[in-house]
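The values are calculated or read from the model by the stated rules, or taken from the named source; none is laboratory data. No experiment lies behind these values; they were computed from the predicted model shown. Don't worry about glycine lacking a Cβ; one is built from the backbone with ideal geometry, like all the others, and counts go over all protein chains shown. Quick note on the areas: whole protein, heavy atoms, side chains included, nothing else; ligands and nucleic acids left out. Shrake-Rupley method; radii C 1.70, N 1.55, O 1.52, S 1.80 Å.
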Amino acid sequence: MSGDGSLTVLPADERPQAPVIEGVTLDDERWTSADVSGKVIVYNVWGSWCAPCRSEAPALVAASQKLADQAVFVGLNTRDFDKAAPRAFVRAFEVPYVNLFDPEGALLLNFSGELPPNAIPSTIVVDLEGRVAARIIGETTESTLVGLIQDVAAGK
């Protein structure tokens with residue numbers, strides 16, 4: 001199931017603490033969000049089998065390149081049960097950021113109060129203080145991401 005691209009921005013005084021996310025990348029390396037604390041983090045939940053994920057991939061790549069100095073992008077690959085298809089997806093779209101392999105959706109469940117477990121693609125933006133600042137349920141665009149991330153990076 002995918003969402004409609006709806007954007008929710010949380011007021012600063014209502015932002016819940018984001019969970020520490022840690023796992024293994026598609027390149028078999030360990031990764032933890034604790035290593036990038038104090039930065040804006042953009043988590044994108046995707047699957048290689050997901051048509052809206054393929055559609056939004058160029059927007060995420062462009063936004064990640066444009067905002068490399070303002071935000072850390074992290075893909076949460078879900079429901080792919082081996083690494084071949086998601087690795088091919090990352091190569092095909094030239095995704096420059098880390099992607100965690102999460103076949104069972106366990107990492108997504110860390111955001112259970114923020115994201116429905118079946119809304120793929122979804123994007124979560126974590127502010128400089130490590131709080132969930134915004135979420136997009138469904139496919140997003142480069143302009144939406146860039147504006148949102150710039151606002152969060154500026155403390156809005």
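A few comments on the model shown:
- Over the stretch 37-152, relative contact order from alpha-carbon pairs under 8 Å, at least 6 apart, %: 37 percent
- Distance histogram in 10 Å bins (all Cα pairs of the chain, percent per bin): 12, 46, 37, 5, 0
- Ordered by solvent-accessible area of protein heavy atoms (1.4 Å probe), largest first, the residues Val42, Val98 come out as Val98, Val42.
- Relative contact order (%) - criterion: Cα under 8 Å, at least six apart; region: the stretch 1-90: 28 percent
- Bridge type composition, the stretch 16-97 - antiparallel percent by DSSP, nearest 5: 30 percent
- Only protein heavy atoms count here; on that basis, with a 1.4 Å probe, Glu114 has an accessible area of about 40 Å².
- Summed side-chain charge close to Val24 - residues other than Val24 whose Cβ falls under 12 Å, Lys, Arg +1, Asp, Glu -1: -3
- Heavy-atom accessible surface of the chain: percent carbon and sulfur, 1.4 Å: 51 percent
- DSSP beta bridges in the chain [antiparallel fraction, %, rounded to 5]: 60 percent
- Once the 1.4 Å probe is applied to the protein heavy atoms, the stretch 31-102 comes out at 42 Å² accessible per residue.
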